[in-house]
1. Just to be sure, is residue 20 modelled with pLDDT of 90 or more, assigned to a helix (DSSP H, G or I), surrounded by fewer than 19 Cβ atoms within 10 Å (Cβ to Cβ) and in contact with a helix residue (DSSP H, G or I) (Cβ under 7 Å, 6 or more places away or on another chain)?
2. Collect the residues in segment 99-149 that are surrounded by 15 or more Cβ atoms within 10 Å (Cβ to Cβ), assigned to a loop (DSSP other than H, G, I, E, B) and touching a helix residue (DSSP H, G or I) at 6+ places or on another chain (Cβ under 8 Å), keeping them in residue-number order.
3. Determine whether residue 83 is surrounded by 15 or more Cβ atoms within 10 Å (Cβ to Cβ), closer than 30 Å to residue 5 by Cβ and modelled with pLDDT under 85.
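The values are calculated or read from the model by the stated rules, or taken from the named source; none is laboratory data. Everything numeric here is computed off the predicted structure, so don't read it as measured data. For neighbour counting, all protein chains shown are included, and Cβ atoms are generated from backbone atoms with ideal geometry for every residue, glycine included.
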């Protein structure tokens with residue numbers, strides 16, 4: 001394995017769980033999640049040689065992950081169809097054995113009902129991405145990101161109360 005490939009592999013290994021979780025925010029079906037994850041890794045690999053280091057590697061990876069997810073969704077179905085399939089998949093997963101699964105699905109369902117930009121921002125907040133990095137990823141200002149996070153959390157809380 002070449003030195004560049006080894007570095008790339010180590011960087012992906014350090015970020016793989018976050019990449020996958022972000023994929024989960026956008027796609028309900030497990031097979032689609034795997035496809036999106038693989039497509040994301042491929043896009044990261046394709047762009048790796050052009051990574052200039054102007055932002056943190058994780059910021060660059062999150063930007064690619066979000067952009068890949070949005071392209072994937074556009075190819076797959078409209079936002080309304082995606083929401084309907086997600087709700088259906090949550091209802092079909094009631095036989096899962098671990099305790100927090102239902103709560104996680106409820107959270108995913110709530111996030112899925114947010115406007116697209118808020119969904120992106122909240123998914124990154126859940127991955128503990130800083131406001132500064134979210135601003136770089138989304139093209140918003142840092143204060144605008146903080147306002148949107150606050151509003152999205154309030155909306156999410158409202159959605160989750162309605163779902164109980």
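1. On the way: modelled with pLDDT of 90 or more: yes; assigned to a helix (DSSP H, G or I): yes; surrounded by fewer than 19 Cβ atoms within 10 Å (Cβ to Cβ): yes; in contact with a helix residue (DSSP H, G or I) (Cβ under 7 Å, 6 or more places away or on another chain): yes.
The answer is yes for residue 20.
2. 113, 114, 127, 129, 140 - these are the residues of segment 99-149 that are surrounded by 15 or more Cβ atoms within 10 Å (Cβ to Cβ), assigned to a loop (DSSP other than H, G, I, E, B) and touching a helix residue (DSSP H, G or I) at 6+ places or on another chain (Cβ under 8 Å).
3. Numbers: surrounded by 15 or more Cβ atoms within 10 Å (Cβ to Cβ): yes; closer than 30 Å to residue 5 by Cβ: no; modelled with pLDDT under 85: yes.
So residue 83 fails the test.
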